[in-house]
Amino acid sequence: MKTLFLNPPSFDGFDGGAGSRYQARREIKSFWYPTWLAQPAAMIEGSRLIDAPADDKSVEEVLKEARDYELVILHTSTPSFGNDAKFAARLKEQNPDVVVGMVGAHVGVLPMESMKGAPAVDWVAVGEFDYTCVDVAKGMPLRDVPGIAYRDGERVEFTAPRPAITDMDALPSVIDVYKRDLTIENYYIGYLQHPYVSFYTGRGCRSKCTFCLWPQTLGGHSYRVRSVENVEAEMQRAKELFPQVREFFFDDDTFTDNQPRAEEIARRLGKLGVTWSCNAKANVPRKTLEIMKENGLRLLLVGYESGSQQILNNIKKGIRLDIAREFSKNARELGITIHGTFILGLPGETPETIRETIRYACEIDPETIQVSLAAPYPGTELYRQAQEQGWLEIQSDDLVDTHGIQTAALNYPGISKTLIFNSLDEFYKKFYFRPRKMFTLFGGMLRDPEVMKRRLREGVEFFAFLRERKTTA
Ligand code: SF4
């Protein structure tokens with residue numbers, strides 16, 4: 001079947017790509033790559049991938065481009081599901097014969113609800129969907145495709161479960177799909193050099209953080225990896241196809257989960273002479289950091305989440321504050337930049353733990369930070385807890401407002417969601433408006449006119465975002 005993979009148009013500037021842990025519109029223009037869709041697209045000859053938010057394509061433009069396809073596969077998320085269901089209906093209106101599928105964590109966790117909520121959709125994938133898409137595109141009858149829920153007249157039927165992929169090297173590289181279908185200059189992440197390219201070297205995370213979407217839905221809790229040789233070959237190809245790229249990012253949940261492998265990949269990357277970055281937990285030993293730094297590592301994206309040990313224990317983060325402090329000190333001494341991510345509104349949050357977390361962030365002082373609001377996604381332990389404890393006051397698809405901006409979803413006895421929501425602005429201001437931090441940021445801008453241009457644009461976007469949050473609060 002002539003197949004189109006589609007990250008559909010949703011909220012303006014909506015970042016729902018693969019690396020997006022919280023699908024939402026961000027403080028500044030930000031798009032992760034649609035790697036989850038690029039993977040099956042790489043396995044189906046003649047298919048095409050459209051990333052409508054990154055390419056700023058409207059509903060009408062995408063409908064026009066989708067007109068001649070027999071199979072359209074949409075990636076959806078909890079916050080964008082309502083919009084995506086409406087888009088699916090427009091696809092069917094335009095071409096009643098088109099087969100429409102939906103993939104992603106949301107439909108995998110709530111297949112029956114999703115089929116009911118999106119009547120134009122013919123099937124949804126339950127679990128990993130790479131080979132599922134291949135089977136459907138080959139024209140296999142839906143009843144024979146493992147790992148889906150599909151429509152049979154008025155009824156929704158389920159097929160046999162599809163086992164998780166074990167041979168990761170069997171998955172072809174996504175790089176050629178990026179080259180063919182995406183405009184890499186459209187992808188921005190505030191703390192990564194531009195243009196950047198990201199992809200996966202493995203799936204899954206050994207940690208069991210209660211709020212974290214991907215390992216509890218699509219990825220699983222073992223780190224399934226591609227061989228070092230396979231990763232090296234993909235990087236070589238990426239370098240050839242994208243000589244303009246200034247930084248490569250490994251989007252694996254926790255690239256440093258397998259330290260000997262991370263060190264070996266680093267050595268290979270060092271020989272290729274690329275600048276690279278990755279996700280890491282705040283417990284990487286100094287020796288591993290040294291090897292990675294010597295071989296081109298520029299930045300680590302680290303989920304610190306909270307400065308309260310009790311909250312870290314509550315969310316099963318599996319990290320101690322003293323270890324995270326030591327790790328941060330080592331990274332700083334070695335010249336590794338850190339982008340630290342924090343979450344407000346996790347179980348156990350109080351006004352005092354918020355102050356503690358802000359103090360902690362200022363103390364460990366990552367180069368840049370991102371502060372999110374705890375989001376209970378269906379399929380996570382946090383979501384189950386929130387339902388059981390009565391913390392959840394909204395529908396799960398209200399995780400963002402009408403502009404795609406994150407809302408505070410959880411209300412605890414000791415702290416209101418309004419206070420949690422408002423603390424996000426205070427966090428950013430207390431972190432960034434310190435003389436030392438401002439001096440460092442301005443220094444970087446003065447050294448590089450490109451950085452200056454970009455930071456000024458991001459500054460304007462950032463303040464506009466804060467204003468917009470205030471008006472929607
Ligand atoms: S360590 Fe990071 S990726 Fe792994 S479960 Fe925790 S938050 Fe998720």
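The values are calculated or read from the model by the stated rules, or taken from the named source; none is laboratory data. The structure displayed is predicted, hence computed values, not measured ones. As a convention, Cβ positions derive from the backbone with ideal geometry for all residues, glycine included, and neighbour counts pool all protein chains shown. Note: areas computed on protein heavy atoms with side chains; ligands, DNA, RNA excluded. Shrake-Rupley method; radii C 1.70, N 1.55, O 1.52, S 1.80 Å.
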field: Interchain or long-range residues, amide H under 5 Å from Met102's placed H
entry: Leu74, Trp123, Val124, Ala125
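For Arg286 and Met452, calculate 0.36 nm times their separation in residues minus their Cα-Cα distance, and state this gained length in nm to one decimal.
On the way: separation 166, 0.36 × 166 = 59.76 nm, distance 3.22 nm.
Full extension of this stretch gives 56.5 nm more.
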task: Against the globular-protein guess of 2.2 N^0.38 Å, express the Cα radius of gyration of the range 77-154 as a ratio, rounded to two decimals.
output: 1.01
task: May I ask for the angle, rounded to the nearest 10°, between helix 351-364 and the longest principal axis of the chain, with both axes built from Cα atoms and the value confined to 0 to 90°?
output: 70 degrees
field: Sequence-distant residues sharing a close amide H with Asp253 (under 5 Å, placed H)
entry: Gly204
Rounded to whole Hz, the Karplus (6.51, -1.76, 1.60) HN-Hα couplings of the range 40-52, x for glycine and proline: x, 4, 6, 9, 10, 4, x, 6, 9, 10, 10, 10, 4
query: Which pairs break 32 Å Cα to Cα here: Lys57/Lys208; Lys2/Lys208; Lys92/Lys138; Lys29/Lys437; Lys239/Lys316?
result: Lys57/Lys208; Lys2/Lys208; Lys239/Lys316
- prompt: Any idea of the accessible area per residue across the chain, 1.4 Å probe, to the nearest Å²?
  reply: 40 Å²
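Express the C-alpha Rg of the range 399-459 as a ratio against the empirical globular expectation 2.2 N^0.38 Å, rounded to two decimals.
1.56
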task: Find the relative contact order for the range 69-213 and round it to a whole percent, using C-alpha pairs within less than 8 Å whose residues are 6+ positions apart.
output: 15 percent
message: If the reach is capped at under 17 angstrom between alpha carbons, list the lysines near Lys293, excluding any in the same chain fewer than eight residues apart.
response: Lys271, Lys281, Lys329
statement: Stokes-Einstein, Kirkwood over Cα pairs, the range 112-191, 10 °C, 1.306 mPa s; D in µm²/s equals 106 µm²/s
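Out of every Cα pair in the range 273-363, what percent are spaced more than 24 Å from each other?
23 percent
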query: In a Debye calculation with equal point scatterers on the alpha-carbon sites of the range 149-218 and no solvent, what is log10 I(q)/I(0) at q = 0.20, 0.28 Å⁻¹?
result: -1.06, -1.18
statement: Rounded to the nearest 500, the 222 nm mean residue ellipticity computed for the chain from DSSP H runs (n ≥ 4, each -39500 (n - 2.57)) alone is -12500 deg cm²/dmol
field: From phi via Karplus (6.51, -1.76, 1.60), per-residue ³J(HN,Hα) for the range 101-110 in Hz, x at Gly/Pro
entry: x, 10, 10, x, 4, 4, 6, x, 7, 10
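Hey, got a sec? Which trypsin sites (Lys or Arg not before Pro) in the range 100-156 land in a DSSP loop and have at most 13 other Cβ atoms within 10 Å?
For trypsin sites (Lys or Arg not before Pro) across the range 100-156 that sit outside H, G, I, E and B with at most 13 neighbouring Cβ atoms in 10 Å, the list reads Lys138.
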- request: Find the cysteines in the chain that fail to meet the 4.7 Å Cβ criterion with every other cysteine, and list them.
  value: Cys133, Cys205, Cys278, Cys362
For q = 0.10, 0.11 Å⁻¹, Debye-computed log10 I/I(0) when each Cα of the chain counts as one equal scatterer: -0.73, -0.90
- prompt: Expressed as a whole percentage, what fraction of the accessible surface of the chain belongs to carbon and sulfur atoms when a 1.4 Å probe is rolled over the protein heavy atoms?
  reply: 52 percent
message: Looking at the range 155-264, I'd like the Rg to Rh ratio, where Rg is from alpha-carbon atoms and Rh is Kirkwood's inverse mean 1/r.
response: 1.01
Using distinct alpha-carbon pairs, which all enter the 1/r mean, Kirkwood radius of the range 92-234 in Å: 17.3 Å
field: In Hz, Karplus ³J(HN,Hα) per residue of the range 385-390 (6.51, -1.76, 1.60; θ = phi - 60°; x = Gly, Pro)
entry: 4, 4, 5, 5, 8, x
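What number, in percent, do you get for the relative contact order of the chain if the mean sequence gap of Cα pairs under 8 Å and at least 6 apart is divided by its residue count? List each step's numbers first, then the result.
Numbers: 903 pairs, mean separation 61.3, N = 473.
After rounding, I find 13 percent.
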